[in-house]
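Comments concern the structure below.
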């Protein structure tokens, strides 16, 4: 899907590996100073990966705490549903990537290879065809997985793998760094609180989708761009949209902003 909120990418963005990796590294760079910043950072990562991996439709981050999976960031609620199916069935690519520290790639779920029969069946019913999960490894620690989903077969190639590995490495380093003092237990609680706050973001996206007539990814992009312009957190802006502080969404960034 072409992002209607930003100019189309240069023709070489998806073919020039150096330019693509430099662009991604710039978007997901920076130093996290506290655990409170981690949730917003992971949100930035999943949307950056989706923008920079051609053919990718949804992205999520799974974090393991005491071997219990948590979805720490996601592009749309559909991502959350895919992750939830894996957690409920206790099988799937994100769990194997996180637990076994090995990349999991399925170019076509219709060609069942027997790895996750129940999850594969659920995913096929939902229309998903390709998936790619990369473990989040930093040093000796593996803290989860970065998960990509697509509705087309053969969606991910070698260049995509290079991009995703860079993002996964940066995510892993960020998680390990901010949990070095307080440990994974506090991180799990922090992520659960962050996921609860996502409810207002989903509501705000619904308001924007209805008022602007745009799809879900574009609605989030409007929130993200406006939050940057105003230097406020996305969840704070979302609350303003829901409560009507930003009247009628006219105060939000537009496609040509």
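At q = 0.14, 0.19, 0.21 Å⁻¹ the log10 of I(q)/I(0) for the range 54-147 amounts to -0.44, -0.83, -1.02, computed by Debye summation with a single uniform scatterer per C-alpha, solvent ignored.
Tell me, in nm to one decimal, what length is gained between residue 228 and residue 26 on full extension, where the rule is 0.36 nm per residue of separation less the Cα-Cα distance?
Values: separation 202, 0.36 × 202 = 72.72 nm, distance 1.54 nm.
Full extension from residue 228 to residue 26 adds 71.2 nm.
Distance from the C-alpha centroid of the range 27-69 to that of the range 130-177: 10 Å, rounded to the whole angstrom. Considering all different alpha carbon pairs of the range 197-249, the Kirkwood hydrodynamic radius works out to 10.5 Å.
Residue 210 to residue 40: FRET efficiency via 1/(1 + (r/R0)^6), r the Cβ-Cβ distance, R0 25 Å, to the nearest 0.05? Don't skip to the end; give the middle numbers.
Details: r = 25 Å, r/R0 = 1.01.
Once the sixth-power term is evaluated, E becomes 0.50.
Of 111, 101, 224, the sequence from fewest to most neighbouring Cβ atoms within 10 angstrom is 111, 101, 224.
Taking the Cβ of each residue in 122, 49 as the centre, tally the other Cβ atoms inside 10 Å and list the residues starting with the fewest. Let's see the in-between values first.
Working: 122 18, 49 27.
Listing 122, 49 from fewest to most nearby Cβ atoms yields 122, 49.
When Rg and Dmax are taken over the Cα atoms of the range 17-181, they come to 14.7, 45 Å.
Could you put 94, 142 in order, starting from the residue whose Cβ has the fewest other Cβ atoms within 10 Å?
Sorted ascending by nearby Cβ count, the order is 142, 94.
Values quoted throughout were computed directly from the atomic coordinates according to the rules given, and no laboratory measurement underlies them. Just so you know, these numbers come straight off a predicted model, no measurement behind them. Cβ atoms come from the backbone with ideal geometry, glycine included; neighbour counts cover every protein chain shown.
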